[in-house]
Amino acid sequence: AECLNFAMVFSVPNYACQRRTTLENHNAVLTDALSLLAENAELEDEDGRGVAFRRAAAVLKALPKPVTSLTQLRGLPCLGEHSLRVIQDVLETGSSSEAESTKQSERFKALKVLTGIFGVGPKTAAWWIRHGINTLHQLRASGHTLNRAQQAGLEHYDGVNRPVTKAEADAIGEIVETAVTSVLPGAQVTLTGGFRRGKLTGHDVDFLITHPEEGREEGLMPKVVSWLESQGFLLYQKTTRNSYLESKDGPARPASNMDRFERCFSIFKLDACGRQPALSQADEEPKPWRAVRVDLVVSPISQFAFALLGWTGSKLFERELRRWAGYEKTMSLSSHALYDNKQSRYLKATSEEEIFAHLGLEYVPPSERNA
Ligand code: GTP
Ligand code: MN
Ligand code: MN
């Protein structure tokens, strides 16, 4: 191998799904700045700008070494003018002035606090801010009507906004496993989301439920939820029915990004089990439990591989998979199916490996989908 004295020039493929992105990040200062600007764009309901910053951050996450000069980035994909300006600022001064001033801004802080309430999105938060509500205290005092999700979100604000540990995710996993096998023996529970990718903490815990016999999973969610409720494990839940078969617009092309599995957004009550419970206020009695956001999804076994791939993330990796499928392969990928628009047929798969193969991509394991 050559020994080069000058800084190395990096090369990165265009789509995040062509790259192996582990949790090891050699450019955290840069990606933190870009991620913060992405978050701000999303909070301002400007998703296009958000995606652009997310893509730029993902390219830097994929680099094998810290970036030391802009010239190393020549020819890399997804680095727009704005992102390059942010990178240059960090390389020259050690931090991004735009990210720092955004972080300090009252509007960003208010949007973040208000959208931290489960059930509150950027539009609702912006509307409240326009009406003079910037804090939880002001919201409580305002007498604004909250829906059921938002009421639960406000009540369990501290728990829902505290990162979930892997140990807590495993404890929830055991509860879900017990619930599922109690109401349908033989049903299987798989941990998805960030924890499947090897993350050590998460904002929630995600599970995919199926049964090896097609059809046996039908109507499973309400039974699981009833069981959990009867045991006192749920602080909040909202179940939505499977609408996949009822839809008219074709299975691989859902009307929105939302898929149509039977699913349940919930807040679990997790006992402290020996852990020292954190005090939210010094004079408050420590709670012997904490609130944890949990997502449950039920999939028929015939769609399991697609659901597993779709619910493992990261969000950007998923978005890039669909972009790759559409633009490079003329296919439509969803969490239900893969449709080949040229052959006008569905491509079956029983494993994630098969889906990558259909898409003409090298297989990327979950731990390397942290784009
Ligand atoms: P943390 O929870 O923050 O640790 O990260 P995460 O990667 O687990 O994120 P999240 O729980 O938000 O989502 C997990 C995966 O589920 C991601 O790949 C999302 O794209 C996917 N996901 C979330 N909501 C939906 C949805 O409505 N439909 C589909 N198909 N996928 C979704
Ligand atoms: Mn998650
Ligand atoms: Mn989730």
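The values are calculated or read from the model by the stated rules, or taken from the named source; none is laboratory data. Note that the structure is a prediction, hence the values are computed from the model and not measured. All Cβ positions, glycine included, derive from the backbone under ideal geometry; neighbour counts span all protein chains shown. SASA here: full protein model, heavy atoms, side chains in, ligands and nucleic acids out. Shrake-Rupley method; radii C 1.70, N 1.55, O 1.52, S 1.80 Å.
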Next item on the list: Please specify each residue of the stretch 37-57 satisfying the condition of being closer than 24 Å to Glu368 by Cβ and open to solvent by less than 70 Å² (accessible area, probe 1.4 Å).
Entry: Ala38, Glu39, Gly50, Val51, Ala52, Phe53, Arg55, Ala56, Ala57
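Residues are listed down the side, and each one gets a yes or a no for (1) within 16 Å of ligand 2 (Cβ to nearest atom); (2) free of Cβ contacts under 8 Å to residues at least 40 places away in the same chain:
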{"site": "Val298", "(1), (2)": "no, no"}
{"site": "Phe304", "(1), (2)": "no, no"}
{"site": "Ala307", "(1), (2)": "yes, no"}
{"site": "Leu321", "(1), (2)": "no, no"}
{"site": "Thr330", "(1), (2)": "no, yes"}
{"site": "His336", "(1), (2)": "no, no"}
{"site": "Leu347", "(1), (2)": "no, yes"}
{"site": "Glu354", "(1), (2)": "no, no"}
{"site": "Gly360", "(1), (2)": "no, yes"}
Notebook entry, point to check: Pick from the stretch 93-106 the residues that are assigned to a helix (DSSP H, G or I) and touching a helix residue (DSSP H, G or I) at 6+ places or on another chain (Cβ under 7 Å): which of them is surrounded by the most Cβ atoms within 10 Å (Cβ to Cβ)?
Noted result: Ala99
Checklist line | Meets criteria (of a type in the set (D, E, K, R) and either touching a strand residue (DSSP E or B) at 6+ places or on another chain (Cβ under 6 Å) or at pLDDT 95 or above (or both)) for Glu352 | finding: yes
Next item on the list: Only residues that are acidic (Asp, Glu), open to solvent by 70 Å² or more (accessible area, probe 1.4 Å), out of contact with any helix residue (DSSP H, G or I) (no Cβ under 6 Å at 6 or more places or on another chain) and not in a helix (DSSP H, G or I): list them for the stretch 192-237, please.
Entry: Glu213, Glu218
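Rundown of residues vs (1) open to solvent by 20 Å² or more (accessible area, probe 1.4 Å); (2) in the same structural domain as Ala291 (by TED's automatic domain parsing); (3) more than 16 Å from ligand 3 (Cβ to nearest atom); (4) outside any helix (DSSP H, G or I), yes/no style:
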residue: Phe118; (1), (2), (3), (4): yes, no, no, yes
residue: Ile129; (1), (2), (3), (4): yes, no, yes, no
residue: Ala149; (1), (2), (3), (4): no, no, no, no
residue: Ile172; (1), (2), (3), (4): no, yes, no, no
residue: Glu177; (1), (2), (3), (4): yes, yes, yes, no
residue: Ser182; (1), (2), (3), (4): yes, yes, yes, no
residue: Pro185; (1), (2), (3), (4): yes, yes, yes, yes
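Every residue, every condition in (1) part of a loop (DSSP other than H, G, I, E, B); (2) of a type in the set (Phe, Trp, Tyr); (3) open to solvent by 20 Å² or more (accessible area, probe 1.4 Å), yes or no:
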{"residue": "Leu321", "(1), (2), (3)": "no, no, no"}
{"residue": "Trp324", "(1), (2), (3)": "no, yes, yes"}
{"residue": "Tyr327", "(1), (2), (3)": "no, yes, yes"}
{"residue": "Glu354", "(1), (2), (3)": "no, no, yes"}
{"residue": "Val364", "(1), (2), (3)": "yes, no, no"}
{"residue": "Ser367", "(1), (2), (3)": "no, no, yes"}
Check: Any residue at all in the stretch 195-214 that is among the aliphatic types (A, V, I, L, M) and more than 16 Å from ligand 1 (Cβ to nearest atom)?
Finding: no
Checklist line | Residue among Asp206, Asp170 that alone is without any contact (Cβ under 8 Å) to a residue 24 or more places away in the chain, among the charged types (D, E, K, R), within 16 Å of ligand 2 (Cβ to nearest atom) and touching a Phe, Trp or Tyr at 6+ places or on another chain (Cβ under 9 Å) | finding: Asp170
Check: If only one of Thr21, Thr71 is of a type in the set (Ser, Thr, Tyr) and either surrounded by 21 or more Cβ atoms within 10 Å (Cβ to Cβ) or touching a Leu at 6+ places or on another chain (Cβ under 8 Å) (or both), which one is it?
Finding: Thr21
Notebook entry, point to check: Would you pick out the residues in the stretch 283-335 that are among the aromatic types (Phe, Trp, Tyr) and away from ligand 1 (no atom under 11 Å from the Cβ)?
Noted result: Trp289, Phe304, Trp324, Tyr327
Check: Only one of these conditions is not met by Leu76: (1) open to solvent by less than 50 Å² (accessible area, probe 1.4 Å); (2) of a type outside the set (Ser, Thr, Tyr); (3) not in a loop (DSSP other than H, G, I, E, B). Which number is it?
Finding: (3)
